[in-house]
Amino acid sequence: MASIDDNKFLQRLGDRIRKQREIRGLTQQQLGDQCALHRTFIGSVERGERNVAVLNLRKIAQVLRIRIAELFD
């Protein structure tokens, strides 16, 4: 079970992903397609509902053309 701090961390991470996606004018569907991840998965990551795997974060960062470190504090 995730702690409150863990949940806040995942929400902030999701917010950063959403912001970068929106800056690039991508929909969740487009980001998902380019990452080979389902749109509903992207949505749940952006809402902070998933503890996303590092390899999936790497895919997302590559498509967004940012360093994976930019997704963290």
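The values are calculated or read from the model by the stated rules, or taken from the named source; none is laboratory data. None of the values given here were measured: they were computed from a predicted structure. All Cβ positions, glycine included, derive from the backbone under ideal geometry; neighbour counts span all protein chains shown. In case anyone asks, the SASA skips ligands and DNA or RNA and just uses the protein heavy atoms, side chains included. Shrake-Rupley method; radii C 1.70, N 1.55, O 1.52, S 1.80 Å.
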Could you tell me which numbered condition Ser3 fails, if it satisfies all but one of (1) modelled with pLDDT of 95 or more; (2) of a type in the set (S, T, N, Q); (3) more than 10 Å from the chain's Cα centre (by Cα)? (1)
Select from the stretch 1-27 the residues that are more than 14 Å from Val52 (Cα to Cα) and not in a helix (DSSP H, G or I) and write down the one among them that is most open to solvent (accessible area, probe 1.4 Å). Met1
Gln30 fails exactly one of (1) out of contact with any Asp or Glu (no Cβ under 6 Å at 6 or more places or on another chain); (2) surrounded by 16 or more Cβ atoms within 10 Å (Cβ to Cβ); (3) not hydroxyl-bearing (Ser, Thr, Tyr), namely (2)
For the list (1) open to solvent by 80 Å² or more (accessible area, probe 1.4 Å); (2) under 15 Å from Leu71 (Cβ atoms); (3) under 11 Å from the mean Cα position of the chain (by Cα), I need the number of the one condition that Glu49 fails. (2)
Ala61 vs (1) aliphatic (A, V, I, L, M); (2) buried (at least 16 other Cβ atoms within 10 Å of the Cβ); (3) in contact (Cβ under 8 Å) with a residue 12 or more places away in the chain: all pass except (3)
Against the conditions (1) touching a residue at least 40 places away in the same chain (Cβ under 8 Å); (2) assigned to a helix (DSSP H, G or I), where does Arg50 fall short? Just the number, please. (2)
Kindly indicate the residue of the stretch 33-46 that is part of a loop (DSSP other than H, G, I, E, B) and either under 23 Å from Ser3 (Cα atoms) or touching a residue at least 12 places away in the same chain (Cβ under 8 Å) (or both) and also least open to solvent (accessible area, probe 1.4 Å) among those meeting that condition. Leu37
List every residue pair whose Cβ atoms sit under 7 Å apart, with the two residues 6 or more apart in sequence or on different chains, where the first one lies in the stretch 6-24 and is closer than 18 Å to Phe41 by Cβ and the second, anywhere, is open to solvent by 60 Å² or more (accessible area, probe 1.4 Å) and not in a helix (DSSP H, G or I). Leu10/Asn51; Gly14/Arg47
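For the stretch 64-73, what are the residues that are surrounded by 14 or more Cβ atoms within 10 Å (Cβ to Cβ) and without any contact (Cβ under 8 Å) to a residue 40 or more places away in the chain? Working first, answer last.
Taking the stretch 64-73 as the starting set, the residues that turn out to be surrounded by 14 or more Cβ atoms within 10 Å (Cβ to Cβ) are 64, 66, 68, 71.
Listed by number, the list holds a single entry, Ile68.
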